[in-house]
1. So what are the three principal axis dimensions of region 76-310 from its Cα atoms, in whole Å, longest to shortest?
2. Please give the Cα centre distance for region 186-213 versus region 50-69, rounded to the nearest Å.
3. To the nearest 20 debye, what is the magnitude of the charge dipole of the chain about its Cα centre, counting +1 on the Cβ of each Lys and Arg and -1 on the Cβ of each Asp and Glu?
4. Using the alpha-carbon atoms, what tilt in degrees (0 to 90, nearest 10) does helix 230-239 show relative to the longest principal axis of the chain?
5. Within a Cβ distance under 11 Å of Ser4, other residues only, what is the Lys/Arg minus Asp/Glu net charge?
6. What's the FRET efficiency of Thr62 with Ala669 using the Cβ-Cβ distance as r and R₀ = 56 Å, to the nearest 0.05?
7. With n ≥ 4 as the cut-off for DSSP H runs, can you work out [θ] at 222 nm for the chain, using -39500 (n - 2.57) per run divided by the number of residues, rounded to the nearest 500?
8. So which trypsin sites (Lys or Arg not before Pro) in region 212-317 end up in coil per DSSP with only 16 or fewer other C-beta atoms within 10 Å?
Amino acid sequence: MIPSILTSYTDRLSYFPGEAIHLFVSSPQEDRARVSLVHLDAALDSPGKEAQTTEVPWADATTVPVGGQDGHFGGFMTGVLAAAPGTRFTVGAFVRFDERIGPSLQAVVAVGDEQRAVVLGVEDARLVLRSPDGAVRCTEPLDPNAWYLLVGTVDGDRAEVHALAVEVGAATASATGSLPGAAPLGTDVVVAGAFPVVTRGSGATAHGRAAANLTATVSWPFVTSTVLDPEQLRALAQQRALDAAAFGDGLLGAWDLFPGDGEDGLARSATGGEPGRLHNLPTRAVPGPNWQRRTTRFVEAPAEYSAAHFHATDLVDAGWSETFSGALPADLPSGAYALRVATERETDVVPFVVAPAPADARKPVVVVIPTFTYLSYANESLFEGMVPSVTGHFTTGPSEADLAHVGNRTFGLSQYDTHADGHGVVFSSAARPIVNTRHDYRMWLSDSGRGFSAEMYLLEWLATVGIAFDVITDFELHTLGADYLAGWEVVLSGAHPEYHSSEMLDALTRYRDTGGHLVYLGGNGFYWVTGVVSESPLVLEVRRGFAGITAWKSRPGETCLVSTGLLGGSWRHRGREPQRLVGVGMAGQGWGGSQPYWRTEASYAPEVAWIFEGVEEEPIGAYGRVMGGAAGDELDRADPVLGTPADAVVLAASRDHDRTYQRDAAEVAFILDGQHGGDVDPEVHSDVVHFTTPGGGAVFAAGSIAYSGALLENGAKNGISRMTENVVRRFAGLDTTEGSSA
């Protein structure tokens, strides 16, 4: 479906100066658009300059034609048979539908080509075998949440369909009838889709489109040159897997959907032919019908994980045609920029980061933009299910851009959404339009910036107080590691760095422990185990497991990441609690307003009193652009049990959060009436923490997403601003009397 708004994306989220940038644009009508380069100057609600941009002189700025673009979506597999089927053949697969089976045709296996094909599928929950000239269908519906062996046989003009229940209690079904036009057929096969097919790319990020997309888990799709009789079918169903040797030369094609060592987009052919090719990244590392439930690690039981969960909403690359490409200026300073795409009717401002190349000179301070978190939330539609008791009184409702992506598969889903069958969205790709990653995006939940638009508070504040800084993303952190960070005196986080790979945590830990200075200004940081399926385009994987604050939980046997083979879920349950890195970790969340901080007695000790020099207010931060205070949205607190260093000093803490604030579910053992919520649970609060490391480094952490929203209050002349500036200047070795918040 062509988007109803002007929307765009770039091939990457960050670049080095001088690199090529590629732009993909869709417009609801044929038009012409000017493409220009702009620097992002100001945040939402900045008086006189709200979300201000400044055009950067650029030789490649130009006007280009634009029009509607539809996307590539819906997981499917393509393969080739060893030989074309004759007038007698069998086609089948093990299939499991979850929760519900939609009414439209969903193809399980299609054999032939665009001109003539036989399709084994499910329509209105009933098994059907279709040829160009007819169909044979069962009258009894299939049960959801049960494995079946689904089979269609063709013997001349006669055909049969059989749905054999693999699990006890599920309904079985069969039908017999005439099926003219079922032969001759070609050698092409589509699994979880039907002809016509379009394919692009290769490997894990291969993409394309197929008809009649299937939403179900599939194991061992196959085609034989013989008609399997009822006894053979019953034996196969009882076996719950396909034994290729048992078919001999009669097996024309069969594919093992076990992912092997990481996601490569290929399915091994059981006949020794070329592998099947997966498109749009269906979910693998999921149990098949023969799972024995003795292990949840797919690498330990390959034969039990020969399956893939296909969804009609799978997306790995929107596949749009390129609209524009150019080279960024070679002397472009590091910072937050965008390509401005403007027609006479609409404008889209597509942000990206320019990071210093490894050999470039560095400013003393760097901000790490958490793009992994943006991808996880990309095009989320949580507003469809939220209620006022959760959102509080700050809800403004979704924007036009929010509403434009709902139900449009070309935008893809977020890792907070579920597919139509209730299965959680595991993957998220940067190769698509992402409407809620814009510098002027106003979050429906808090009536403020969130994600990238919240980072603009920090970037504008640094410029306002005169601290020179560079900008990078967590992609550079993941790919280049601690050696890349070594040139900066201070590393500042964004407001919500929730998703981290092990490589990113390793880099930050090494930087901190070898004399670096970490300033964490966010909430719910370093929470979810995140894998990288592909670096170009950037594609992330999350398996949420069964604990923590989460929009969905993993299905049994699906907790290990296909990208790493290791356990997903929260870093807390992998022994890498956020408190071990920055002294604070997730405490709770809520949206009923933000609160200020009160200093602790320990904050007056001479060793840390410098942090509050020039801070004259108490409490600190009873203001801010995120729900009116510095401590709000998602909150982190210190906890020695979870790894806060023994010598860490809690400098300040929030309090008096209302009942919309609830404790992190990972910490709730019993649900007891009257014992939960910010108004009764003292652990639902945010802490400000400082500690030093033996290697000469130091950490300052203010555990709140709302914190950066208070920095610009009163032109950055306020207590939150002064406290933060004191820390950044001291850590960076800068003059502490230069700032505008003094």
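1. Computed over region 76-310, the largest-to-smallest principal extents equal 45, 41, 36 Å.
2. Distance between centres, Cα-based: 35 Å.
3. For the chain, the charge dipole is close to 1100 debye.
4. With rounding to tens, the tilt is 30 degrees.
5. Details: positive: none; negative: Glu346, Glu400.
Net of charged neighbours comes to -2.
6. 0.40
7. Helix contribution divided over all residues of the chain: -3000 deg cm²/dmol.
8. Answer in residue order: Arg293, Arg294, Arg297.
Quick note: the coordinates plus some simple rules give every number you see, no bench work behind them. Quick caveat: nothing in here was measured; it's all calculated off a predicted structure. Reconstructed Cβ throughout: ideal geometry from the backbone, glycine too, with neighbour counts over all protein chains shown.
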